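The values are calculated or read from the model by the stated rules, or taken from the named source; none is laboratory data. These figures come from a predicted structure and were not determined experimentally. Every residue, glycine as well, gets a Cβ built from its backbone with ideal geometry; the counts of neighbours run over all protein chains shown.
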Amino acid sequence: MGQPSSLLIVAIDGGAASGKSSTARSLAACFPLLHVDTGAHYRAITAEMLRRGVAYSDPAAVASALQQFTLGTRVSGSAAALEINGRIPGDEIRSPEVNTAVSHFAALPSVRSTLLHYQRAQADVAQKHGFRGLVMEGRDIGSVIFPDADLRFFLHADPGERARRRAEQGQQDSVAERDRLDSSRKTAPLTIPAGAIAIDSTHLTLEEVVSKVAALVEEKLAKHSR
Ligand code: DC
């Protein structure tokens with residue numbers, strides 16, 4: 001699986017606005033872990049496809065556009081960002097257009113297999129930059145990308161609470177519709193991986209979620225060989 005044994009891999013999966021990003025970012029601020037947001041990868045690919053006028057309804061055009069992408073990684077602080085042909089897509093990855101299209105692009109096998117290889121290789125990036133491990137968030141991290149991760153978490157929250165969180169961030173996003181598409185696709189659907197630690201964050205503050213997760217990460221890091 002290409003997972004260097006000395007690295008601690010923490011997988012955080014969950015639906016839209018379940019608190020994954022805030023939790024993963026806080027963990028990377030507390031521990032020497034590289035933060036990889038795989039939702040941002042799907043969003044960056046979607047933004048670049050939209051920019052080039054490539055439609056998700058034309059899988060052959062998507063596959064051929066992917067051939068023209070050289071993917072790279074820029075690490076700044078404890079965060080890794082995806083570069084496409086040397087460029088990191090900006091705020092457009094959170095636009096309403098990308099919110100609407102991203103689940104459709106993410107359902108295409110060509111997009112998923114491109115990102116599967118790229119995401120597994122993030123373990124090498126973490127090692128090269130001297131991190132003790134990585135915290136990767138997404139939908140299929142504990143089920144497909146790193147099924148042997150040292151810790152696998154699944155965050156969930158009531159749909160009403162998740163819609164409220166997105167609105168509070170000033171974002172126009174149909175979280176329930178994206179979850180429906182992400183859970184029903186054939187390739188790597190959003191699912192609770194067997195053996196993952198499920199946390200319902202509906203009635204928890206971010207600090208409460210982070211402290212539950214951080215306690216387990218600290219314990220694992222203490223045991224983990226360098
Ligand atoms: O985490 P997010 O809401 O930024 O993710 C955006 C979309 O990307 C999400 O609706 C589905 C897709 N995604 C995916 O299919 N697999 C992942 N590992 C991460 C995100």
Quiz item: modelled with pLDDT of 95 or more, of a type in the set (A, V, I, L, M) and within 13 Å of the ligand (Cβ to nearest atom): does that describe ILE9?
Solution: no
Quiz prompt | Of the criteria (1) under 17 Å from the mean Cα position of the chain (by Cα); (2) under 30 Å from SER6 (Cα atoms); (3) among the aromatic types (Phe, Trp, Tyr), which one PHE131 fails | solution = (1)
Quiz item: Taking region 28-51, which residues are more than 14 Å from the ligand (Cβ to nearest atom) and surrounded by 24 or more Cβ atoms within 10 Å (Cβ to Cβ)?
Solution: LEU33, LEU34
Self-check item: Subset of region 193-216 [assigned to a helix (DSSP H, G or I), free of Cβ contacts under 8 Å to residues at least 60 places away in the same chain and of a type outside the set (D, E, K, R)]
Solution: SER211, ALA215
Quiz item: Looking at this structure, is ALA167 farther than 19 Å from ALA81 by Cβ, more than 11 Å from the ligand (Cβ to nearest atom) and surrounded by fewer than 16 Cβ atoms within 10 Å (Cβ to Cβ)?
Solution: yes
Exercise. Can you give me the number of residues within region 118-145 that are within 11 Å of the ligand (Cβ to nearest atom), crowded, with 23+ Cβ neighbours inside 10 Å and hydrophobic (A, V, I, L, M, F, W, C)?
Key: 3
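Which helices (runs of 4 or more DSSP H) sit wholly inside region 90-189 and have at least 3 residues that are among the β-branched types (Val, Ile, Thr)?
On the way: elements: 96-106, 109-120, 122-128, 159-168, 175-184.
Of the helices (runs of 4 or more DSSP H) lying wholly inside region 90-189, those with at least 3 residues that are among the β-branched types (Val, Ile, Thr) span 96-106.
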Quiz item: Quick one: would you say VAL54 is over 26 Å from GLY86 (Cβ atoms), more than 10 Å from the ligand (Cβ to nearest atom), of a type in the set (A, V, I, L, M, F, W, C) and crowded, with 16+ Cβ neighbours inside 10 Å?
Solution: no
Exercise. Assess whether THR46 counts as being more than 13 Å from the chain's Cα centre (by Cα), under 29 Å from ARG180 (Cβ atoms) and polar (S, T, N, Q).
Key: yes
Quiz item: Just checking, how many residues over region 178-222 are of a type in the set (Lys, Arg) and more than 16 Å from the ligand (Cβ to nearest atom)?
Solution: 2
Exercise. Among the candidates ALA63, ALA40, single out the residue that is more than 20 Å from the chain's Cα centre (by Cα) and within 16 Å of ARG112 (Cα to Cα).
Key: ALA63
Quiz prompt | For SER18: the one exception among (1) within 16 Å of the ligand (Cβ to nearest atom); (2) in contact with a Ser or Thr (Cβ under 8 Å, 6 or more places away or on another chain); (3) of a type in the set (S, T, N, Q); (4) at pLDDT 95 or above | solution = (4)
Exercise. Among what's in region 22-66 and is part of a helix (DSSP H, G or I) and of a type in the set (Val, Ile, Thr), pick the residue that is farthest from ALA107 (Cα to Cα).
Key: THR23
Exercise. Give the number of residues within region 84-110 that are crowded, with 16+ Cβ neighbours inside 10 Å and within 27 Å of ALA28 (Cα to Cα).
Key: 10
